[in-house]
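One structure is given here, and the rest of the page talks about it.
The values are calculated or read from the model by the stated rules, or taken from the named source; none is laboratory data. Note that the structure is predicted; figures quoted are calculated from it, not measured. Here the Cβ is made from the backbone with ideal geometry for all residues, glycine too, and neighbour counts use every protein chain on show.
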Amino acid sequence: MKTRIAIIGGFLGAGKTTLATRIGSELKKQDKAVAIITNDQGEVLVDTQFSKSLGFDVSEVLRGCFCCKFPDFLRSARTLVSSSRPDIILAEPVGSCTDLLATVVAPLKAIYPNEFEVAPLIIVVDSTRLLSDAVASETPGDYLRKHQIEEGEIVVISKTDMIPHERLEEMREIIHRINPTATIVPYSSISGTGLAEIVQSVSSDRTSSNRPIEIDYDVYAAAEAELGWYNGRYEVVLPNKRDTYDIAMRILRELSSKYETDDVAHVKLMLVSESNALKVSLVCQNVNIDGVKGSRYGSGKCYLTINARVISSPDRLRIAVREAVASSLTHFDLREESIEDDSFSPSRPRPTYKMG
Ligand SMILES: Nc1nc2c(ncn2[C@@H]2O[C@H](COP(=O)(O)OP(=O)(O)OP(=O)(O)O)[C@@H](O)[C@H]2O)c(=O)[nH]1
Ligand SMILES: [Mg+2]
């Protein structure tokens, strides 16, 4: 029997992981088995920890996007098929990745038609970020985000709970102008608006049918190269019950104070102590707490995983994150026991396959 794969793309911080885990939970209620593939240019992923903590079988594709690591993507999908026999695999590519129809969907359809069935490509667009003039101005970053919308077969407008109704209508029009054939679904993870429609299309038997959209790899590579990438893991000991919300929020606030608001694509932090776990996210200036386990108070050995994607040089970003963590911990009379981290800029995308 074929396994259905639904790819959920879209820019950094748009809400892909939140959506994937919500879709997964709904499908589980319908007695469907669901697994998730996460993806990053580096290692040590908040998204993997978060999805696992919600009970999903998760496999990672590391050190490159699905398109450049297609054999790893295939291996991950096959590993999940043998470990948990999923009816549906939800696959989240790196947020700075596009051209997925040509590099992931088309090869799956052409080479593995008896093993996998590919759902229409979902692209999540953050309603609090897309601006009409930004898309028209065509900086490399705008070009990338516009291409993502162009190739979406289902374009999900996320975070509609954060914008007024008129803004949503404006967004719909902009997206329709960019991609007249896409199914556009307004969605909110808070109110649940749109989720049923998205779940329905993920679990239907409709398959991806769009042809790839042309792309200039020089501009795409320039957009990715603007971003600094930081993944780090800190070990801290909490000698008694501590308010871990306060600690996590202070780190994000300190870090955000070092950058212009619009330069912060997404900073996510997962804190796991012996007694609680939480995830916090910073997208531009919007901070969100996604509680996971237990109360806000944590104790004992504690791990902080930080994934930051910011328009910055990688060196400056590493220094900024380390300083934000160190000064926040000092504020709470704590210190890191160990740090493992890495910072870099994504290298030029070189897809394994690129099919027309
Ligand atoms: N208010 C609101 N917040 C949302 C919604 N969807 C996602 N978020 C929040 O936006 C933040 C980023 O969401 P993620 O799901 O981590 O975004 P992502 O696209 O997976 O990000 P990357 O993996 O870094 O590319 C989180 O704090 C979410 O809780 C929504 O519909 N409404
Ligand atoms: Mg994610």
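Test Leu108 against the criterion of being of a type outside the set (Gly, Ala, Ser), more than 26 Å from Tyr234 (Cβ to Cβ) and within 16 Å of ligand 2 (Cβ to nearest atom), and give yes or no. No: the conditions fail for Leu108. Scanning for something within 15 Å of ligand 1 (Cβ to nearest atom), assigned by TED's automatic domain parsing to the domain that holds Leu195, closer than 26 Å to Glu151 by Cα and in a helix (DSSP H, G or I), does the stretch 31-49 turn up at least one residue? Yes, that holds for at least one residue. You will find that of Asp290, Asp243, the residue that is more than 30 Å from Tyr143 (Cα to Cα), in contact with a strand residue (DSSP E or B) (Cβ under 8 Å, 6 or more places away or on another chain) and within 16 Å of ligand 1 (Cβ to nearest atom) is Asp290 and no other.
Scanning the stretch 111-119 finds one or more residues that are hydrophobic (A, V, I, L, M, F, W, C), surrounded by fewer than 21 Cβ atoms within 10 Å (Cβ to Cβ), in the same structural domain as Ile154 (by TED's automatic domain parsing) and out of contact with any Pro (no Cβ under 8 Å at 6 or more places or on another chain).
crowded, with 23+ Cβ neighbours inside 10 Å and either at pLDDT below 95 or not small (Gly, Ala, Ser) (or both): which single residue out of Ile247, Ile311, Ile289, Ile319 fits that description? I'd like the intermediate steps shown before the answer.
On the way: Ile311 fails: crowded, with 23+ Cβ neighbours inside 10 Å; Ile289 fails: crowded, with 23+ Cβ neighbours inside 10 Å; Ile319 fails: crowded, with 23+ Cβ neighbours inside 10 Å.
After applying the criteria, what remains is Ile247.
Table: residues versus (1) in a strand (DSSP E or B); (2) within 16 Å of ligand 2 (Cβ to nearest atom); (3) free of Cβ contacts under 8 Å to residues at least 40 places away in the same chain; (4) among the charged types (D, E, K, R).
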site	(1), (2), (3), (4)
Asp161	no, no, yes, yes
Leu168	no, no, no, no
Ser188	no, no, yes, no
Thr193	no, no, yes, no
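In the condition set (1) farther than 16 Å from Gly10 by Cβ; (2) touching a residue at least 24 places away in the same chain (Cβ under 8 Å); (3) surrounded by fewer than 17 Cβ atoms within 10 Å (Cβ to Cβ), Ser137 is compliant with all but (2). The residue that is nearest to Gly10 (Cα to Cα), counting only those in the stretch 29-77 that are acidic (Asp, Glu) and surrounded by fewer than 22 Cβ atoms within 10 Å (Cβ to Cβ), is Glu60.
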